Amino acid sequence: MVKAKKWILATEFAGEPKDSNFKLEEENLPALKDGEIICDAVYLSVDPYMRLDRDWINSVGSVIIGEQVARVTESKSKDYPVGCLVQMYSGWRSRTLVNPANKTATEAIHFLKVPDLGKLEPSLALGILGMPGMTAYFGFLELCQPKAGDTVLVNGAAGAVGSAVGQIAKIKGCKVIGFAGSKEKCDWVKSLGFDHVFNYKEQDIDKSLKEAAPDGIDCYFDNVGGNFTSKALQHMKEFGRISVCGGISVYNATQPPLTPDPFMTILSQQLKVEGFIVMRWWTRFPEGKAEMKKWIDEGKLKYRETVQDGFDNMPKIFMSLLKGANIGKMIVKA
Ligand SMILES: NC(=O)c1ccc[n+]([C@@H]2O[C@H](COP(=O)([O-])OP(=O)(O)OC[C@H]3O[C@@H](n4cnc5c(N)ncnc54)[C@H](OP(=O)(O)O)[C@@H]3O)[C@@H](O)[C@H]2O)c1
C-alpha cells in the first residue's frame, strides 16, 4: 500500500481564492493490478483557468484539476516501464494510480508520454511546449491571421501565453506592443524583442496605445479583458482581428463589470472577434509543438519559468500566480 496526497476544493471560490478553499487529504493507493502504473508528480502546473466558475472545471469535494509531469515509479504495464515520464490531467495529486489502457478516448488524449526534449527540462511540456504554448501558437496564428507589418497588441505579456504570442508575432514580422504589471516584467518582455512595452499599473493605457500605435492596432490578443479591453477596442483599425483568450482581470470579480458595451465599436470598425478554448486544436498540437521546438532550437523563441517548491504549497503558489508573482510559466516542483 502506498500513500498519496491530494488537494481538494473544500469550499467554492468567492472573490480571491483563500486558504480555506483548499484541503489537503491523504489516501492509500491499492496494490497494482495488471496494466496499472503508479506515477509520482515531478512538476505540476498551476494556471489561471483553475479559478474559473465552470462546472467542467472544479467542484467542491473533488480533487482540483490540473496537468502534471510525473515519473512512473511502479509498473505492471510493459508500455510504461519504471522511470518513464508521462504528462496527464490527474489534478493536484502527489501520486496517481493509472491504467493507461483503460482510459476512454477523451481521457486518453490527455495522457501522453513526455517526448524526448533533448537538453530541455520536461517541465516545458506544461509551458511553452504544452497547453500555454499551444494557446499562443494556435490562438494567435489561427484567429488573428497576422501579416508582416501588422501592429499586434498583447496583454499579460510577461506570462506563459502572452510572452510566446509576442515572440511569434515578431517571428511573423509584426510590430508588437505588450503590457505587463511590473518594471522587472517589462524589462524582460522588452528583451524578448517586443517593440513597445508598458506597465499597465503605472502607465495610462490610452496614452500608451496612442504613442505606440498612432495608426491603430490590427491584431489584439486578449488575456486580460475588463477595463483593459474596453480601452484597447477604441484603438483597433477597421477590419482588425481579436483573439479572446482570457479575462484574468475579472476572474476574481465579485461585482458585474461597469465597463462600456463594446459592441458598437466592433460594429463600426467591422472587427472580427473570436473566443477560443485551445483544445479545439488538440489534434494539431504535434504540429504546433514541433514548430515551437524548432524556434527554441534556432534561438528565435525564448521562455522563462518561475519554479516554486513543494506539493504542500500548491494553494499558496496558485494564489500568487493570480496576483502576478510569476514571470513566464508558473511551475510547482513536487
Ligand atoms: N482560451 C484558452 O484556451 C486559454 C488557455 C490558456 C490560458 N488562457 C488564458 O490566458 C491568460 C494567460 O494565462 P497564462 O497561463 O499565460 O497565465 P500567466 O499570464 O502566466 O499568469 C497570470 C498573469 O496574469 C496577470 N494578471 C493578474 N491579474 C491581472 C489583472 N487584474 N490585470 C492584468 N493582468 C493581470 C499577472 O501578470 P501581471 O503582473 O502582468 O499583472 C499574472 O502573472 C489567462 O487569462 C488564461 O485564463 C486561455
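The values are calculated or read from the model by the stated rules, or taken from the named source; none is laboratory data. This structure is a prediction, so every number in the text was calculated from the model and none was measured. No Cβ is skipped: glycine too gets one built from the backbone with ideal geometry, and neighbour counts run over all protein chains shown. Heavy atoms of the whole protein, side chains included, go into the accessibility calculation; ligands, DNA and RNA do not. Shrake-Rupley method; radii C 1.70, N 1.55, O 1.52, S 1.80 Å.
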Task: Highest average packing first - 34-43, 14-23, 319-328, Cβ atoms within 10 Å - done: 34-43, 319-328, 14-23
Open item on the list: With Kirkwood's inverse mean 1/r over C-alpha pairs for Rh, give me the Rg to Rh ratio of the chain, two decimals please.
Closed with: 0.99
Open item on the list: What lysines does LYS113 reach when the alpha-carbon gap must be under 19 Å and sequence neighbours fewer than 8 apart in one chain are set aside?
Closed with: LYS76, LYS78, LYS103, LYS289, LYS293, LYS333
TODO: On the protein heavy atoms, probe 1.4 angstrom, tell me the percent of accessible surface of the chain carried by carbon and sulfur.
DONE: 52 percent
TODO: Sum up the charges of everything whose Cβ sits under 14 Å from the Cβ of GLY299, counting Lys and Arg as +1 and Asp and Glu as -1, but leave GLY299 out.
DONE: +4
Task: Solvent accessible area, Å² - GLU211, 1.4 Å probe, full protein context - done: 120 Å²
Task: Cys residues of the chain counted as unpaired, since no other Cys beta-carbon is under 4.7 Å - done: CYS39, CYS84, CYS174, CYS186, CYS245
Open item on the list: Considering only C-alpha atoms, what is the centroid distance from region 89-142 to region 44-68, in Å?
Closed with: 15 Å
- [ ] Determine which aspartates and glutamates satisfy two conditions relative to LYS175: a Cα distance under 15 Å, and not lying fewer than 8 residues away in the same chain.
- [x] ASP150, ASP195, GLU211, ASP215, ASP218
Task: Accessible area of VAL63 in the full protein assembly, 1.4 Å probe (Å², nearest 10) - done: 30 Å²
- [ ] For LYS316, go through the aspartates and glutamates and keep the ones whose alpha-carbon is under 20 Å away, minus same-chain ones fewer than eight residues off.
- [x] GLU12, GLU16, ASP19, GLU25, GLU26, ASP47, ASP53, GLU67, GLU305
Open item on the list: Can you tell me, using C-alpha contacts under 8 Å and at least 6 residues apart, the relative contact order of region 131-279 as a whole percent?
Closed with: 23 percent
Open item on the list: Could you compute how much accessible surface ASP204 exposes when probed at 1.4 Å, giving the result in Å² to the nearest 10?
Closed with: 80 Å²
Task: Compactness of region 131-279 - radius of gyration and Dmax, Cα, Å - done: 13.9, 41
- [ ] Distance check, please: which entries in LYS6/LYS300; LYS3/LYS294; LYS302/LYS323 exceed 32 angstrom between their Cα atoms?
- [x] LYS6/LYS300; LYS3/LYS294
